[in-house]
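Q: Below is the structure I would like to discuss, written out as structure tokens.
All of the numbers you see were taken from the coordinates with simple rules; none came from a lab. Quick caveat: nothing in here was measured; it's all calculated off a predicted structure. Heads up, the Cβs are rebuilt from the backbone with ideal geometry, glycines too, and the neighbour counts pull from every protein chain shown.
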Amino acid sequence: MIKTIPANKVEVGMYVNLPTSWMSHSFMKNKFLITSRSQIDKIIQSSLKEVKIDTSLGKDLIEEVITDEPSPIVPETVQKVVPEGLREMIRDPNLSPEKKARAVLQYSQEMMKNLLESPTAENIGEVMTTISEIVDLIVTDDETNNYLLSITSHDFATYTHSVNVGILSISLAKALYGQSDSHDMHALGAGFFLHDLGKVRVNLSIINKPGKLNDQEWQEMRKHPDHGFDILTETDKLDKESRIIVLQHHERNDGSGYPLGIKGDDIHPYGRICSVADVYEALTSIRPYKPQMPPFDALRIMQKEMLHHFHRDVFERFVRLLAAAVKT
Ligand SMILES: [Fe+2]
Ligand SMILES: [Fe+2]
């Protein structure tokens, strides 16, 4: 249902349609899901007095009941790391797979952004609970899984990359392990989403450098798997499987990776899965120092020039997985 509501009543979780030309506001689109407080502030600061909301795609406005009771003093709420509405969206049986995939992607990005800004033990715990639900969705709902694979966004920020690699890797683990009980998919999912957590301990000027890193910067950057492993050990939040993923996602089959330079079977199968998804995501995303590469070209380069980096079976399964998702 489409409703018109005052601009100052917009909430996170609503799907808004701004009734004006897209040139007269600072958003890329007129219709989108509200995922953060800053989007609401921008709407209020624009000249719009009212906006339309689509209640079939997002939250409805709950009318306030006016009573004579004095309003209780509510302590100021701290922004939660997991956006309000994400779990509801995941569980909503009435959302179409396409809408569910889009909502999960946007909200997960918001969640990872919050986490990377404040990677406390409590926040890691909260995020892990939500990742478990995303894993269940991917494992049980093939249609939403396929949409998720085809709509991953191409921004190069670490939080977007983390979500994309998380979705790609969980999908690949599902394709490789099927319904086998011998793999803890929740622990794997947490490791995949958090594989680059250690970047929070690398200087931001290095993370965001628009160009090649010099030797010293590169040395700093190569510490992020160890940093990530340390954070997870210090906060005592993740299982062994997840920590292996964080530590080994840059190891390469021929021993040319880091931090340990281990090769072949010494690399854990979970680390191999994450490394394939990680390289593919980096090639297909937009980065300041390189053009974006279409999926087919990225897979071709991985096969022709980088095959010695990957475990062959894992790479071939990944190619089949993406080919199937594109066809559907
Ligand atoms: Fe990494
Ligand atoms: Fe990565």
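Q: Between Asp297 and Thr129, what FRET efficiency follows from the Cβ-Cβ distance if R0 is 30 Å, with the result rounded to 0.05?
A: That gives a FRET efficiency of 0.20.
Q: How far is helix 269-284 tilted, in degrees, relative to the longest principal axis of the Cα atoms in the chain, given as a value from 0 to 90 rounded to the nearest 10?
A: Between the helix axis and the principal axis of the chain, the angle is about 60 degrees.
Q: With contacts defined as alpha carbon pairs under 8 Å and 6 or more residues apart, what's the relative contact order of the chain in percent?
A: 13
Q: Please state the charge dipole magnitude for region 172-245, taken about the Cα centre, from unit charges on C-beta atoms (+1 on K and R, -1 on D and E), reported in debye and rounded to the nearest 20.
A: With only Lys, Arg, Asp and Glu charged at Cβ, the dipole is about 300 debye.
Q: Using only Cα atoms and rounding to the nearest 10 degrees, what angle (0 to 90) does helix 142-151 make with the longest principal axis of the chain?
A: Between helix and principal axis, roughly 90 degrees.
Q: While we're here: Can you tell me how much longer the chain between Asn17 and His183 gets when fully stretched, taken as 0.36 nm per residue apart minus their C-alpha distance, in nm with one decimal?
A: Fully extending the segment from Asn17 to His183 adds 55.5 nm.
Q: Sticking with this one: Below 8 Å, C-alpha to C-alpha, sequence gap of six or more: please give me the relative contact order for region 2-54 in percent.
A: Value for region 2-54: 57 percent.
Q: In addition: Once both labels are modelled 7 Å past Cα along the beta-carbon direction, what's the Ala175-Lys209 spacing in nm?
A: 3.4
Q: Also, quick follow-up: Identify all lysines with a Cα-Cα distance to Lys99 below 29 Å; exclude those on the same chain that are fewer than 8 residues away in sequence.
A: Straight-line reach from Lys99, under 29 Å: Lys3, Lys9, Lys29, Lys31, Lys42, Lys49, Lys52, Lys59, Lys80, Lys113, Lys174, Lys327.
Q: Could I ask something else about it? Which of the aspartates and glutamates could be linked to Lys237 by a straight reach, that is with a Cα gap under 18 Å, when you skip same-chain ones fewer than 8 residues away?
A: Hits, sequence-local ones excluded: Glu117, Glu122, Glu126, Glu133, Asp184, Asp196, Asp226.
Q: Right, another one. Per 0.36 nm of contour for each residue apart, how much would the distance between Lys29 and Lys9 grow if the chain were fully extended, relative to their Cα-Cα spacing?
A: Length difference between fully extended and current span is 5.2 nm.
Q: Using the basic label-point model (7 angstrom from Cα toward the beta carbon), what is the Ala282 to Thr120 distance in nanometres?
A: Between Ala282 and Thr120, the label points sit 3.2 nm apart.
Q: What whole number of Å gives the distance from the Cα centroid of region 261-328 to the Cα centroid of region 202-245?
A: Computed from Cα coordinates, the inter-centre distance equals 20 Å.
Q: So, one more: Going by how many other beta carbons lie within 10 Å of each one, how would you line up Asp41, Asp142, fewest first?
A: Asp41, Asp142
Q: Something else about it: What's the local net charge at Leu18, with K and R +1, D and E -1, over the other residues with C-beta under 15 Å away?
A: Overall, the nearby charge balance is +4.
Q: I would also like to ask the following. To the nearest 500 deg cm²/dmol, what mean residue ellipticity at 222 nm is calculated for the chain from DSSP H runs of n ≥ 4 alone, each contributing -39,500 (n - 2.57), summed and divided by the residues?
A: Here the helix-only value at 222 nm equals -16000 deg cm²/dmol.
Q: So the label point goes 7 Å from the Cα of Ser38 along Cα→C-beta, right? Which residues of region 124-163 then have their backbone N under 19 Å from it?
A: Under cut-off, by backbone N: 153-163.
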